[in-house]
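Undergrad: Here it is: the structure, laid out below.
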2 protein chains.
Amino acid sequence: MSQTAKCWHFTQRPTGNVNADTFTLQDDPLPPLESGQILVRPVYVSMDPTNRVWLSDWENKYMDPVPLGAPMLGFTLGRIEASRHPEYPEGHLVTGLGPWAERYVLTPDEAWTLFPEMPADQLAEAFGILAIAGPTAIVGLLEIGQPEAGDTVLISAAAGAVGSVAGQIAKIHGCRVIGIAGGKEKCRSLIEDFGFDAAVDYKQGNLLADLRAQAPDGIDVLFENVGGDILDAGLSFMNNGGRVVICGLISSYSKPGSEPVPGPYNFAELIFKRLRMEGFVILDHLDRYPRFHEQLVGWMDAGRINFRLHTIQGIESAPEALAMLFTGSNTGKLMVQFSAP
Amino acid sequence: MSQTAKCWHFTQRPTGNVNADTFTLQDDPLPPLESGQILVRPVYVSMDPTNRVWLSDWENKYMDPVPLGAPMLGFTLGRIEASRHPEYPEGHLVTGLGPWAERYVLTPDEAWTLFPEMPADQLAEAFGILAIAGPTAIVGLLEIGQPEAGDTVLISAAAGAVGSVAGQIAKIHGCRVIGIAGGKEKCRSLIEDFGFDAAVDYKQGNLLADLRAQAPDGIDVLFENVGGDILDAGLSFMNNGGRVVICGLISSYSKPGSEPVPGPYNFAELIFKRLRMEGFVILDHLDRYPRFHEQLVGWMDAGRINFRLHTIQGIESAPEALAMLFTGSNTGKLMVQFSAP
């Protein structure tokens, strides 16, 4: 084993999307394992919109931002290559929030959980659903959105990892599900791959009219991943007493820091339509992952949840991969494969 | 009894605040009473920010807007001058939503409720608290805001009718209560008349710094009556899991219709701070008024709720009175006295 490992460090704060200067690949020394520590080799690192938030200099965010100069972080499925911790044995798979690195030494806390062994071709999908998208969809859609059978559910960024799972869970609960996505292929996928009832292509430029046509009875639950004009369009059609799940606001994450991003112009609908709007952070719910996993595995085994992966190869590609999220050029749950399982 | 009655009609849609052209005082014919009808003579008509919403041409609002040409409406305490309805006897006081008129004939529905007789000098205060401000404060603060003892509660437009009652109810529930108001006199009143723990004068121009100083442990419940910069300031200091009660957004109600009003710039705090934000309309809760009145009368009898009235005399003054709400020139719950009790 080499005594150093490549690691992406955060070296320049982006003013818009991440770019070639945002991160720098460095050789970091690998210290010897101390008691209670493990050596992790990342296999898959998930690329998520929330990663961009960690690069901002906004105050008081839900987790400490990544400091300039420090290793960039991501949700990781890794192999334990060496262990001096009894609960994390060598050779096992483990998930947690770790550096974009070839290898690293860490003292695992309870947020690092063992992951079941499975055939290599199922691993990325299981990680994608179980580690992030599935729990996020469950907490957001079911616990905050509280859909009832017969409700109309609108999901933005519906072809994304979280959106596509949330839509399928809403279908399982007997809802009419409408997805907003960009482009014909994503909209086809919503209907054919994920079983949505309707898809609206915001790139067609008729968002309000198309939504009105697809939601003639209004919207009861809005599962929002985007913000901006997309959120405003959804708010226009909410029914009285509707629930608005603020899962993500990807349209605002990579705006230049000096440019204030206004909230939705239809904000007063909160009063007029008696809406409840609530945000959440999935990191708050890690202690309930075992229950979420039981639910998700049940649905997956019954063939009720499909998932699309978009895997990019190699640690060198991580910055470009992250940038893809903000141009909408990924076609499924985006992951970078750092090494073979 | 004359066969006509003066009545303010809505004759020109305002683009900003209401003005001299918004309403026209007309002589309307008074039809004879039919079976099931009553003749009402308004005594007090309440002036409320929500009245301005009814004059907009926005679609899909929580009640039908007042059509151009139709009588303007307001929450009213009136005397039943004649009755052909067994449950609304002649001579009794009654409250409901009625025209800005000297007299009118109506077929009362369950939203018209009898009001207890009391000495003339107590009537306006009881009407102000029981008909609107008290129930609004209870539903917003207690049911949506769900404050716990020791929480910090921030209230905007705190010297207004709803804000001052909400603050006093928060004190009854053991909270630290901070009010935002405009001007030294209003801020003095928050502390001395209403028992707030702290008052912040937004007209001093140091809103963020002053709030930071008064809420060193952050804000758990934000009771919002204003919107715009005031809401953004409050959102800056929310604690994780905080509740934001959207009771009113008076700063946006009289913006010209052609000028879109952005939502709060700190909207993403919903995610970062896991906030729940909820709007409501007190008209939805009329069926629970008896229970609210019991609570409120208990607090009033125990001397735990103070109230400031600002009464304007005469039906002719109603339009000018309504305009005062949007310049902040009233110094208490604003009512127009149309006639002697």
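Undergrad: Would you be able to tell me the number of residues in the range B:38-56 that are of a type in the set (Gly, Ala, Ser) and within 14 Å of chain A (Cβ to nearest Cβ)?
TA: Residues meeting the conditions: 1.
Undergrad: Next question. Restricting the search to the range A:223-232, which residues are surrounded by 24 or more Cβ atoms within 10 Å (Cβ to Cβ) and within 11 Å of A:Glu269 (Cβ to Cβ)?
TA: The answer is A:Leu231, and nothing else.
Undergrad: A further question follows. Could you count how many residues in the range A:243-270 are in a helix (DSSP H, G or I), modelled with pLDDT of 90 or more and either more than 7 Å from chain B (Cβ to nearest Cβ) or open to solvent by 10 Å² or more (accessible area, probe 1.4 Å) (or both)?
TA: Matching residues across the range A:243-270 total 1.
To keep it simple, each residue is scored yes or no on (1) more than 16 Å from B:Leu222 (Cβ to Cβ); (2) outside any helix (DSSP H, G or I); (3) touching a strand residue (DSSP E or B) at 6+ places or on another chain (Cβ under 6 Å).
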{"residue": "B:Glu117", "(1), (2), (3)": "yes, yes, no"}
{"residue": "B:Gly128", "(1), (2), (3)": "yes, no, yes"}
{"residue": "B:Thr136", "(1), (2), (3)": "no, no, no"}
{"residue": "B:Leu142", "(1), (2), (3)": "no, no, no"}
{"residue": "B:Pro147", "(1), (2), (3)": "no, yes, yes"}
{"residue": "B:Val153", "(1), (2), (3)": "no, yes, yes"}
{"residue": "B:Val162", "(1), (2), (3)": "no, no, no"}
{"residue": "B:Val165", "(1), (2), (3)": "yes, no, no"}
{"residue": "B:Gln168", "(1), (2), (3)": "yes, no, no"}
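Undergrad: It is to be established whether one or more residues within the range B:94-103 are open to solvent by 10 Å² or more (accessible area, probe 1.4 Å), under 30 Å from B:Gly228 (Cβ atoms) and at pLDDT below 95.
TA: For the range B:94-103, residues open to solvent by 10 Å² or more (accessible area, probe 1.4 Å), under 30 Å from B:Gly228 (Cβ atoms) and at pLDDT below 95: present.
Undergrad: Identify all residues within the range A:276-288 that are at pLDDT 95 or above and open to solvent by 20 Å² or more (accessible area, probe 1.4 Å); write none if there are none.
TA: A:Arg276, A:Glu278
Undergrad: Just for the range A:289-313: of the residues that are among the charged types (D, E, K, R) and either in contact with a Leu (Cβ under 8 Å, 6 or more places away or on another chain) or touching a residue at least 40 places away in the same chain (Cβ under 8 Å) (or both), which one is least open to solvent (accessible area, probe 1.4 Å)?
TA: Looking at residues that are among the charged types (D, E, K, R) and either in contact with a Leu (Cβ under 8 Å, 6 or more places away or on another chain) or touching a residue at least 40 places away in the same chain (Cβ under 8 Å) (or both), I get A:Arg308.
Undergrad: Oh, and also: Tally the residues that are assigned to a loop (DSSP other than H, G, I, E, B) and surrounded by fewer than 22 Cβ atoms within 10 Å (Cβ to Cβ), restricting the search to the range A:70-87.
TA: Matching residues across the range A:70-87 total 5.
Undergrad: I've got another one for you. List the residue pairs whose Cβ atoms are under 6 Å apart, where the first residue sits in the range A:158-177 and is under 16 Å from A:Ile144 (Cα atoms), the second is β-branched (Val, Ile, Thr), and the two are 6 or more positions apart or on different chains.
TA: Short answer, once both residue conditions are applied: A:Val162/A:Thr136; A:Gly163/A:Ile155; A:Ala166/A:Ile155; A:Gly167/A:Ile155; A:Gly167/A:Val177; A:Ala170/A:Val153; A:Ala170/A:Val177; A:Cys175/A:Val153.
Undergrad: Here's something else I'd like to know. For A:Ala158, only one of the following conditions fails: (1) in a loop (DSSP other than H, G, I, E, B); (2) open to solvent by 10 Å² or more (accessible area, probe 1.4 Å). What is its number?
TA: Among (1) in a loop (DSSP other than H, G, I, E, B); (2) open to solvent by 10 Å² or more (accessible area, probe 1.4 Å), the lone unmet condition for A:Ala158 is (2).
Undergrad: Could you check B:Val165 against (1) at negative phi; (2) surrounded by fewer than 24 Cβ atoms within 10 Å (Cβ to Cβ) and say which number it fails?
TA: (2)
Undergrad: Can you tell me which of A:Leu207, A:Leu211, A:Leu235 is more than 13 Å from chain B (Cβ to nearest Cβ), touching a helix residue (DSSP H, G or I) at 6+ places or on another chain (Cβ under 7 Å) and either open to solvent by less than 10 Å² (accessible area, probe 1.4 Å) or without any contact (Cβ under 8 Å) to a residue 24 or more places away in the chain (or both)?
TA: Criteria check complete, one pass: A:Leu211.
Undergrad: Hey, another quick one. Taking interchain pairs and intrachain pairs at least six residues apart, which have beta carbon atoms under 8 angstrom, with the first residue in the range A:276-288 and more than 10 Å from every other protein chain (Cβ to nearest Cβ) and the second outside any strand (DSSP E or B) and crowded, with 22+ Cβ neighbours inside 10 Å?
TA: A:Ile282/A:Pro135; A:Ile282/A:Thr136; A:His285/A:Pro135; A:Arg288/A:Pro135
The values are calculated or read from the model by the stated rules, or taken from the named source; none is laboratory data. Keep in mind that what you see is a predicted model, and the values were worked out from it rather than measured. Ideal geometry is used to build each Cβ from the backbone, glycine not excepted, and the neighbour counts take in all protein chains shown. What goes into the accessible areas is simple: the full protein's heavy atoms, side chains included, and nothing from ligands, DNA or RNA. Shrake-Rupley method; radii C 1.70, N 1.55, O 1.52, S 1.80 Å.
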